[in-house]
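A short worksheet on the structure shown next.
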Amino acid sequence: MYRNTLNTSIALKVLFMMFTALTATAQKRIADHFLQTLRHQKTEGSQTDALLNWTDTENAGLYDSTWLYDSTYYINQIIAIGQKEKNPDVEAMGQASLGYYFHTNDNQPQALELFLKAMQLGEKRNNPRIMLRLYHYLSFHSDVNKSIEYEQKVIALAKQTKELNWQILAATQIGGSYRFELKQYDLALQYFQQAYEMNLRLKKMGKRGFDMDGTILAGLGNTYNDLHNPTLALAYFRLGLQASKTNEDFMMAYRGLANYFKEIHSTDSSFYYSSKFYKLAEKSPLVFRKAAASKMLYEIYKERGNTASALKYHEIYMAANDSVNSIAKRKKVESLLIQEKERQKELVEKREQEKETQKNNLQYAAIALGLLSFVILFLLFSHTIIANQKLINFLGVVALLIVFEFLNLFLHPYLSQLTHHSPIFMLLTMVCIAGILVPVHHKIEHWTVEKLVTKNKRIRLAAAKKTIEQLENEP
C-alpha cells in the first residue's frame, strides 16, 4: 500500500511538472507573438495602443501577469523596441513593467528608480493613458497623502480616457490608504463602495477588468470590522473568499477573517485563517506579507502559552520586519523621493516660466498688431484734408516713439541675459543703442513727417482748387 501511495505521489508530481512546462511554453509562445505584433506596428500611436491592450487585457494589466514573474527578458524587449522606434511611451511602460517586477520581488529602491525613470519618459508626451498608469506605480512608494494625490490623478485621467478598470483600481487603493494608514474609516468605506459599484457596472458592460472582486470585498469587510459592524464584516469576508482568484486575494481574505475572529475572541478560527494566511505569505516575494502573518501566529501562540512556537514565529517576524524596514533600503527610497520632489518643483517652475513667456509673447504680438494698426490709420488719416501740418507732425512723432520704445521693450530681456543683469553693463549697452538709434530716429522722423506734410499739402491744395473751380462754374 505504501508503494502504491508513493507511486501515485510520483505520478502526480510528474503530471504537475509536465503541466507547468506546457503552460510555460504556451505563455512563451503568446509573449513572442505579442513582441512580433508590437514590432510590426507602423505608427507610434498603434505601438502604444498594442502595448496597453496587451497589458490591460491579455495579462490583466501588470497584476497577476505570470510572464512578468518568470523573467525580465520580455520586459527588456519592450524597452528595446521603445528605444529603437524612439517611442518614449512604449519605453516608459517597459521601464514601469521592470519596476513592477522588482516591486513584486521586494526590491523597492530599484523599483522606485525605474518608476521615476518611466515618469520622466512619460512626461515627454504627457499621454493621459500612460501617465495615469505611471502615477499609480509612484503611489506605491509615496507617503500616504502623496499616494492618495497620485491615485486621485489616476481617477481623473481614467475618467478622461474612459478606462473604468483603472478608476476601480485607484478607488480601491485610496480606500486602503484611508483605512490602513489614516484610520479614516468613513472615507475608506466611501471609496471601497465606489469601487464596488463601478466593478458591478464594468461586469454589466461585459468588459474585462483587473479581477478586483476579492480585494474590494476584503476591503469592505475590513472597514466594516473597523466600524464595529461584525455582521456586515463577516458577510463581505465570506463573499471575498468566494470571489478570490489570486493568492493576493486569498491572503487578504484570510487576514481579514483572522482579525475578525480574533476580535470576537474565537481563537481557534483566528488560528485557522492565520495559518492559511501564513502558508501563502511564506511563498510571496513580498516580505511584508510574511511579517504580518508571522506576527499574527506569534501573538496567538503567545496567548496560548506555547512558548516554543511563539518564539519561532517571533524570530521569523523580526527577520521579515528587519528586511522590510532595512535602513539602507529606506534611505535609498527616501533619497530618490527627495530627488523626485526637487525635479517636480523644477518642472513646475519651468512650466510657470513657459506660461509667463507665452503670455509675454502674446502681449508683444498685441502691441505689434496695435502699432501696425496705428501706422495704417495714421497713413490713411494723412491723406485726408482734415489733417493739418501740426497734427501730422505730432502723430508722426508719437508713431516713431512707439516703434522705438517697442524695440527697446522687445530687446530688454535679451540684453538682460547677455549682460547677466549687471546694471552697469545694461546702462552702457542701452547708451550705445540710444547713440545709434537717436540719429536714425531724427532722420527717419524728418523724412517721414516732411513727406507726409508735403503730400498732405498737395492733397489740401488740390481739394481747394477743385472747390474753387466748382464755385466759378456755378451760374
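Descriptive notes on the structure:
- Counting only Cβ charges, +1 for Lys and Arg and -1 for Asp and Glu, the dipole size of the range 131-226 around its Cα centre is about 460 debye.
- Pair residue 264, residue 232: separation of 7 Å Cα→Cβ label points (nm): 1.6 nm
- Between residue 201 and residue 152, the contour length at 0.36 nm per residue exceeds the Cα-Cα span by 15.6 nm.
- Sequence-ordered 3J(HN,Hα) estimates for the range 253-261 from the Karplus curve with 6.51, -1.76 and 1.60 and θ = phi - 60° stand at 5, 5, 5, x, 5, 4, 5, 4, 5 Hz, glycine and proline given as x.
- Highest mean packing first, where packing is the average number of other Cβ atoms within 10 Å per residue, the peptides 214-227, 119-132 line up as 214-227, 119-132.
- Principal axes of the range 34-141: Cα extent on each, largest first, Å: 37, 28, 22
- Peptides 272-278, 47-53, 282-288, 338-344 ordered by average Cβ neighbours within 10 Å, highest first: 272-278, 47-53, 282-288, 338-344
- Between residue 193 and residue 145, residue separation times 0.36 nm minus the direct Cα-Cα distance comes to 15.2 nm.
- Residue 42-residue 466 FRET efficiency (beta carbon distance; Förster radius 51 Å; 0.05 resolution): 0.10
- The simple spin-label model puts a point 7 Å past each Cα toward its Cβ; for residue 308 and residue 183 those points are separated by 3.8 nm.
- Per-residue ³J(HN,Hα) for the range 180-197, Karplus 6.51 cos²θ - 1.76 cosθ + 1.60, θ = phi - 60°, Hz, x for Gly and Pro: 6, 9, 8, 6, 9, 5, 5, 5, 4, 4, 4, 6, 5, 5, 4, 4, 4, 5
- Calculated FRET efficiency for the pair residue 417/residue 352, C-beta based, R₀ 22 Å, to 0.05: 0.75
- Across the range 131-145, coupling constants 3J(HN,Hα) worked out from phi with the 6.51/-1.76/1.60 Karplus curve, θ = phi - 60°, read 5, 5, 5, 5, 4, 5, 5, 5, 5, 4, 10, 9, 5, 4, 5 Hz, and Gly and Pro carry x.
Read-outs: derived from the displayed coordinates by stated rules, not from any lab. These figures come from a predicted structure and were not determined experimentally. Neighbour counts run over all protein chains shown; Cβ positions are idealised from the backbone, glycine included.
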